[in-house]
Each structure stands twice: as C-alpha cells, then as structure tokens.
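Just so it is clear, none of the values below were taken in a lab; they were calculated from the coordinates. Just so we're clear, the structure is a prediction, and the values are computed from it rather than from any experiment. Please note: Cβ atoms are built from the backbone with ideal geometry, for glycine as well, and neighbour counts cover all protein chains shown.
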Amino acid sequence: MAALTEVAREKLQALTAAGRRRVLTDTAREGGMAVVRSGKRLISFSCNDYLGLSQHPDVKAAAKAAVEKYGAGAGASRFVTGNHPLYASLEAKLAVWKGMEAALVFGSGYLANTGIIPALVGKGDLILADRLVHACLIDGALLSDAKLLRFKHNDMDDCQRLLEEHRGKHKHCLIVTDEVFSMDGDIAPLAELSALGSQYDAWLLADGAHSLAAEHAPVDIYVGTFSKALGSYGGFVAAKRDVIDYLATSARSLIFSTALPPAAVAAAEAALAILRADPVLAKAPLAKARLFTEATGLPLAQSPIVPLVLGEESKALKAAAEFEGAGYLAVAIRPPTVPEGTSRLRLAFSALHRDEDILALAGFIKNKGWV
Ligand SMILES: *Cc1c(COP(=O)(O)O)cnc(C)c1O
C-alpha cells in the first residue's frame with residue numbers, strides 16, 4: 001500500500017512541474033489598495049473589493065455592533081437557531097435592489113450555486129453552461145444528476161444549437177452563465193439568453209458575483225455575493241417568492257451549514273446601503289479600468305476586470321514575480337482556472353486606486369512589452 005505522504009508528495013511534484021501548484025502567501029491588507037507581502041508593501045490589483053467597502057468606517061461599525069449584540073458566531077444552521085434578525089432585513093433589501101420578489105442569503109456564493117442548482121434540476125434534466133462560467137456553477141451542475149453541456153463563450157448560436165438538439169429529450173432545462181465573467185471581465189448577453197430561454201422553455205440563472213450594475217435583463221434566478229463589491233462575506237439568490245421558498249427548504253448547502261456570523265450579514269447590509277445611496281461610486285471601478293485599457297491600448301474594459309493574457313503558465317508566473325518586484329500585486333491565474341495556453345495576470349480595478357498608480361502600472365507593462 002502506498003503511504004499517503006508519498007502519494008501526496010508525488011502529486012505535489014507533478015503539480016509543481018506543470019507550474020500548477022498553488023501556495024498560500026501571508027498577505028496583510030492595509031488601508032486603500034495597499035497590501036504587505038513578505039515585508040514588502042505593494043499596490044494590489046488583485047482584490048475584488050471594487051468599492052473599498054471592506055474598509056469603510058460605516059461597514060466596519062455595523063459589523064462591530066452586530067458582534068456586540070449577537071456574538072461572534074451564529075451558533076447553528078438558519079433552520080435551527082442561527083436565523084438572527086439581521087437576515088430578514090438584508091433579504092428584503094436585496095430583493096428590492098435586484099428587482100425580484102424575494103431573496104435568500106447563503107453562506108457564500110459558492111454555497112449558493114452548489115445548493116440551488118441540484119435543488120432546481122436533477123435526473124432527466126439538462127443544464128447548458130457557458131464555457132467560461134465560474135467553477136462553483138460547474139460544481140453545482142455536477143452535484144445535480146442533470147446532463148451538463150457547455151456552449152461556446154457568449155456564443156448564442158452555439159447555445160441555440162444545443163437547445164435545438166437536446167432540449168426536447170429533457171424534462172427541465174437550466175441555462176447558467178456569469179453576468180460578468182470572473183477571469184475575462186466581459187459581459188454575458190443576458191437579454192439574448194433570456195429570449196432563448198423563453199423560446200425553448202429553459203430557465204436562466206445568472207451569477208452576478210462581479211457585477212456592480214443595479215439593473216440587468218430579466219433572469220429567473222439571480223445569484224450574487226457579498227464578498228466582492230460589498231466588502232463582506234456571504235452569498236444570495238434572488239427570484240420569485242415561490243422559487244425562493246422552495247430553495248430555502250431544499251438547498252442542502254443552506255440547510256446543513258451553519259448560518260453566517262452576524263457581523264458578515266450586518267456588514268453586507270451597511271455596504272449595500274452605501275452602494276445604493278451613491279450610484280456614482282458604483283461607476284468608479286469601470287472608469288479606473290478604462291483609464292488603464294486606454295493607456296495600454298488593450299481592448300476597452302467592459303467591467304473592472306482586465307485580463308493580461310500571457311500564454312503558458314511559466315510566463316504568467318514570471319510576470320507576476322516582476323510585478324511584485326516593481327511594487328504591484330497581480331496574481332497569476334493558470335489552468336484549470338482558465339483554459340490551457342491562456343494563463344494570465346487578472347487585474348481588478350477599484351474605486352480606491354489612484355489614477356497616477358494606474359498610469360504608472362500601464363507604463364510598466366508597456367515597457368515590458370506585454371501589450
Ligand atoms: C467569486 C465568485 C463566486 C463565489 O462567491 P463567494 O461568495 O466568494 O463564494 C461565485 N461566482 C462567481 C462568478 C465568482 O466570481
């Protein structure tokens with residue numbers, strides 16, 4: 001029998017050789033977009049804290065007040081004793097924000113997707129997913145017993161071709177897509193997907209984890225997270241009231257996992273209030289990303305996410321090290337997170353980035369010949 005440590009060591013060696021081993025690095029976030037790694041202060045272009053709300057005094061104060069009032073942890077699942085009174089208030093506001101009848105908070109975006117997809121579809125059903133959807137949508141699809149097919153990225157003809165060929169052989173059909181693609185920063189054509197859904201009797205699930213938009217084309221199920229623009233932690237789904245009531249009593253990741261710490265829920269609600277009161281703030285990350293794409297000559301940014309695609313793993317890893325040497329943090333994203341041969345630095349722009357830092361970064365990248 002092979003010793004577990006030996007097997008682990010062999011697997012690690014293979015991953016290291018392929019440039020795919022991931023290691024955790026201590027990273028202390030300071031104010032603004034500064035982080036400290038290995039004693040070095042860097043400007044981060046890797047945080048998803050698009051509006052800097054994780055650092056906002058009102059958001060921090062709301063979290064502290066919730067700890068004082070309800071304690072550090074929730075104590076049990078929402079269905080037992082974990083459903084602290086902060087949930088109902090936040091869910092009502094999320095529903096209004098997304099223009100849906102109701103919302104349901106989960107432990108994270110990952111837990112939302114892995115819980116709701118198997119609740120919605122199963123054996124004999126069909127899931128059509130964009131080629132580049134986030135891993136947790138695929139994990140949710142694999143946990144269901146539905147047949148999973150992938151259509152070419154943002155390619156409506158390919159999606160329609162699959163519907164034409166396979167829809168009739170399945171009872172229910174769910175189309176899943178990111179709203180803003182997490183590693184490419186481009187946007188799904190939700191209106192077209194929704195029209196295809198109507199035409200072929202398929203439901204549309206959009207994952208808006210990276211979205212800052214207040215409005216979008218109508219979808220049947222909207223998934224969001226508090227961990228990015230809202231600066232906290234947790235996830236949610238918004239839909240019609242009956243769908244939400246059904247998901248609440250069916251999604252295993254909601255039922256069999258402890259409720260969020262009260263502080264995370266309170267922080268998300270405070271952040272949502274800031275976002276909704278200040279529509280100008282929500283536009284800032286895209287403006288910052290566009291300043292960067294204009295300065296580098298990259299295609300005009302469609303969201304705060306801008307990929308600098310470099311090709312092989314080794315190239316992306318080397319570029320990440322050079323970034324760090326120059327005082328910037330941009331983590332290399334490699335397969336299996338992105339397709340083979342498209343390893344990249346994924347840059348995320350925040351309202352808190354200073355224009356002069358963005359322009360300096362653009363100059364650095366041009367000097368290196370990466371654009
Ligand atoms: C980050 C992300 C998630 C996961 O959300 P968490 O709340 O961090 O678990 C889900 N979907 C997409 C598209 C994401 O980018």
Cβ density ranking, 10 Å radius, fewest first, applied to 172, 210, 84 yields 172, 84, 210
Euclidean distance of C-alpha centroids, region 314-371 and region 122-139, integer Å: 30
Picking from 185, 231, 311, which is most flexible by a Gaussian network model of the chain using Cα springs under 10 Å? 311
Loop-located GluC sites (Glu not before Pro) in region 149-224, at most 12 other Cβ atoms within 10 Å (DSSP): 215
By counting other Cβ atoms within 10 Å of each Cβ, how are 194, 303 ranked from fewest to most? 194, 303
Working out 0.36 nm times the residue gap between residue 80 and residue 101, then minus their Cα-Cα distance, what length gain in nm do you get to one decimal? 5.1 nm
In what sequence do 106, 256, 364, 45 fall when counting other Cβ within 10 Å, fewest first? 256, 364, 45, 106
What spacing in nm lies between the two simple spin-label points modelled at residue 215 and residue 55, each 7 Å away from Cα in the Cβ direction? 3.3
Under the 0.36 nm per residue contour assumption, what length would be gained going from the current alpha-carbon distance of residue 125 and residue 355 to full extension? 77.9 nm
Normalised contact order of the chain, rounded percent, pairs of Cα under 8 Å and 6 or more residues apart: 23
For region 185-269, which trypsin sites (Lys or Arg not before Pro) pass both filters: DSSP loop (anything but H, G, I, E, B) and at most 14 other C-beta atoms within 10 Å? 240
Cα gyration tensor of region 103-255, axes a ≥ b ≥ c as square roots of the eigenvalues: rounded (a/c below 1.5), prolate (a/b > b/c) or oblate? oblate
